[in-house]
Amino acid sequence: MMERPGSLKKIIKDFHSEMLRGLQNKKSSLKMLPAYIDRPLSSEKGRSFAIDLGGTNLRILEAGLKGKGRIVAFRQRQFSIKRELLSGGAEAFFDFIALSLKSFLEEKSKLAKNMKLGFTFSFPMLQTGIASGRLIHWTKEFSVRSVTGKDVVNLFNAALIRKGLKGIKIVALLNDTVATLIARSYKDKNCDIALILGTGTNACYYDRTRQGIINIEWGSFNKLPRTVYDLELDKSTDNPGEQTLEKMVSGRYLGRIARLTLKGLGLNIPGLETEYLSGIELDSSKNLLRVKARLKSLGLAKSSLEERKLVKDVCLLVSLRAARIVAASLAAVIMHIDKNLSRRHSIAIDGSLYQRHPWFSRNIKLTLKEIFGKKAAKIKLVLTKNGSSQGAAIAAAVASKCKI
Ligand code: BGC
């Protein structure tokens with residue numbers, strides 16, 4: 001029987017067949033990239049460092065691994081990346097990362113000797129080993145020049161040398177989903193899938209048959225039915241035709257979809273951003289006073305109750321659709337690794353959208369129930385805050401034990 005386009009069943013089926021094609025190196029919108037790092041044993045101990053780059057902030061972490069799955073953050077600093085760096089040259093960009101590290105180490109310069117670093121780089125990369133990877137293409141509207149196709153560890157090492165930082169070695173390079181999986185796996189043996197729902201979106205899973213972690217790069221899945229507003233949004237981005245799922249799901253785009261949809265329905269609210277969706281959707285007052293205040297702050301001084309209802313409904317639908325796409329894609333991954341859902345699965349999740357949106361997590365859970373029925377109880381969604389930094393610190397410890 002043919003499934004209805006856009007139905008959960010159809011998404012699951014298409015997603016799974018794209019996964020299989022990707023794994024067989026056939027043409028697929030899912031890249032299915034091997035990650036070249038083992039899951040931790042939980043016994044790793046010692047001081048470890050991480051650099052985490054993925055959104056508009058760069059994070060640096062000094063952590064202590066205590067064994068038995070315990071990790072403590074000794075120091076952590078966040079550096080905001082200036083917009084112009086995101087579309088400038090590679091040298092300036094990597095110099096900024098090196099200088100941030102230098103400033104982090106300022107008080108403790110002795111640490112720089114023989115320092116082993118884990119580097120989370122939250123973009124699609126083709127890895128050939130644990131500490132090397134070439135950027136396939138930028139996403140999330142990053143467009144730093146002359147990085148695509150190059151090894152980001154080499155670019156970073158060159159910047160370290162330019163800035164006089166010797167003795168620092170990147171021993172593990174990993175995607176943020178992979179880092180999140182590692183962070184949760186350090187203390188939870190059931191963790192075999194990780195998701196990021198933030199500015200961008202993606203997932204990875206532990207493949208038992210291949211004995212390794214696979215970064216799906218699910219943001220580029222392109223077998224979803226799109227509305228005229230999705231198409232319009234796509235055209236306005238700097239990578240039209242790419243990252244189709246990401247543009248329907250992630251924080252970078254949800255506000256824009258709501259805005260374009262409302263505009264199509266006759267209501268123009270140019271300032272509507274993803275961060276306002278939560279407040280709008282949470283307004284349960286009879287006259288939608290919170291929505292009214294938000295619209296006022298966005299330049300719509302007078303709004304009718306009808307208009308406010310429309311705004312709330314559109315926001316609810318946009319985020320509900322996103323959560324259902326996530327759940328269906330997740331279901332395909334679960335079915336791929338455990339056909340009959342016979343084991344327990346902890347799904348580590350990090351990212352601002354997941355953390356801040358009031359219904360996202362609930363909507364994913366409800367949809368998983370719709371798909372798996374009672375068996376959905378075997379699936380646990382676990383918020384894994386700072387997973388992408390902590391995972392890199394743990395990965396550095398794991399990698400230091402391996403020959404590289
Ligand atoms: C990137 C992924 C990343 C995700 C979440 C996407 O745009 O392609 O590599 O994991 O964002 O940060």
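The values are calculated or read from the model by the stated rules, or taken from the named source; none is laboratory data. Source: prediction; values computed, not measured. Because the Cβ atoms are built from the backbone with ideal geometry, glycine has one as well, and the counts that use them run over all protein chains shown. Heads up: the accessible areas ignore ligands, DNA and RNA and are worked out on the full protein's heavy atoms, side chains in. Shrake-Rupley method; radii C 1.70, N 1.55, O 1.52, S 1.80 Å.
Nearest 20 debye, what's the magnitude of the dipole of segment 2-118 about its Cα centre given +1 on Lys and Arg Cβ and -1 on Asp and Glu Cβ? Write out the running numbers ahead of the final one.
Numbers: 24 positive and 12 negative charges, 100 e Å.
I would put it at about 480 debye.
Quick check: at a probe of 1.4 Å, how many percent of the accessible area of segment 72-169 sits on carbon and sulfur atoms? All intermediate terms of the calculation are to be shown ahead of the outcome.
Details: 2480 of 4730 Å².
Carbon and sulfur atoms account for 52 percent of the accessible area of segment 72-169.
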Review point. Residue 9: which aspartates and glutamates have alpha carbons under 20 Å from its alpha carbon, excluding same-chain residues fewer than 8 sequence positions away?
Key: 18, 246, 338, 370
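Only four residue types carry charge here, +1 at the Cβ of Lys and Arg and -1 at the Cβ of Asp and Glu. Report the dipole size of the chain about the Cα centre in Debye, rounded to the nearest 20. Numbers along the way, then the final one.
On the way: 70 positive and 35 negative charges, 238 e Å.
Dipole about the Cα centre, nearest 20: 1140 debye.
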Review point. At a probe radius of 1.4 Å, what is the per-residue accessible area of residue 99, in Å² to the nearest 10?
Key: 80
Exercise for review: With only Lys, Arg, Asp and Glu charged, each at its Cβ (+1 for the first two, -1 for the last two), find how big the charge dipole of segment 312-367 is about the Cα centre; round to the nearest 20 debye.
Suggested key: 120
Point to revise | Efficiency of FRET between residue 359 and residue 17 - r from beta-carbon atoms, R0 30 angstrom, step 0.05 | key: 0.50
Review point. Hey, what's segment 1-55 come to in accessible area per residue, 1.4 Å probe, Å²?
Key: 56
Check your understanding: Which FRET efficiency value, to the nearest 0.05, is calculated for residue 75 and residue 4 with the Förster distance at 60 angstrom and r the Cβ-Cβ distance?
Key -> 0.70
Exercise for review: Please report the relative contact order for the chain, taking Cα pairs under 8 Å with a sequence separation of at least 6, and give it as a percent rounded to a whole number.
Suggested key: 22
Check your understanding: Roughly how tilted is helix 387-401, in degrees to the nearest 10 and between 0 and 90, from the longest Cα axis of the chain?
Key -> 30
Study note, to complete from the structure: Count of lysine pairs, segment 285-387, Cα-Cα under 21 Å, sep. 8 or more residues or interchain, comes to 23
Practice item. Could you tell me which of rounded, prolate or oblate describes segment 95-201, using a ≥ b ≥ c as the square roots of the eigenvalues of the alpha-carbon gyration tensor, with rounded for a/c under 1.5 and, failing that, prolate when a/b is larger than b/c and oblate otherwise? Key: oblate
Exercise for review: Assuming R0 = 25 Å, can you tell me the calculated FRET efficiency for the pair residue 306 and residue 282, based on Cβ-Cβ distance, to the nearest 0.05?
Suggested key: 0.80
Study note, to complete from the structure: Rounded to the nearest 10, the angle in degrees between the Cα long axis of helix 305-337 and the longest principal axis of the Cα atoms of the chain comes to 50
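Which of the three applies to segment 232-278, rounded, prolate or oblate, going by the alpha-carbon gyration tensor with a ≥ b ≥ c and a/c under 1.5 meaning rounded?
oblate
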Exercise for review: With all protein chains present, calculate the accessible area of residue 125 using a 1.4 Å probe and round the result to the nearest 10 Å².
Suggested key: 10
Review point. In deg cm²/dmol and to the nearest 500, what is the mean residue ellipticity at 222 nm of the chain if only DSSP H runs of at least 4 residues count, each as -39500 (n - 2.57), divided by the residue total?
Key: -13000 deg cm²/dmol
**Study point:** Three-way shape call for segment 183-324 based on the alpha-carbon gyration tensor, with the a/c threshold at 1.5
**Key:** prolate
Check your understanding: What ranking of 252, 308 comes out by heavy-atom accessible area, probe 1.4 Å, highest first?
Key -> 252, 308
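Relative contact order for segment 219-263: what is it in percent, counting Cα pairs under 8 Å that are at least 6 residues apart?
Details: 38 pairs, mean separation 19.9, N = 45.
Reported as a whole number, the value is 44 percent.
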Study note, to complete from the structure: Quick calc: nm separation of the 7 Å Cα→Cβ label points for residue 27 and residue 401 -> 4.4
Check your understanding: Which is farthest toward the positive dipole end of segment 169-270 among 185, 268, 198, measuring Cα position about the Cα centre, with Cβ charges +1 (Lys, Arg) and -1 (Asp, Glu)?
Key -> 185
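Got the relative contact order for segment 154-233 handy, in percent, Cα pairs under 8 Å and 6 or more residues apart? Walk me through the intermediate numbers first.
On the way: 67 pairs, mean separation 14.5, N = 80.
Once divided by the residue count of segment 154-233, the mean separation gives 18 percent.
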Exercise for review: Please give the helix 254-264 orientation as an angle from the longest Cα principal axis of the chain, in degrees from 0 to 90, rounded to the nearest 10.
Suggested key: 20
Practice item. Using a 1.4 Å probe and ignoring any ligands, DNA or RNA, find the accessible area of residue 28 and quote it in Å² to the nearest 10. Key: 40
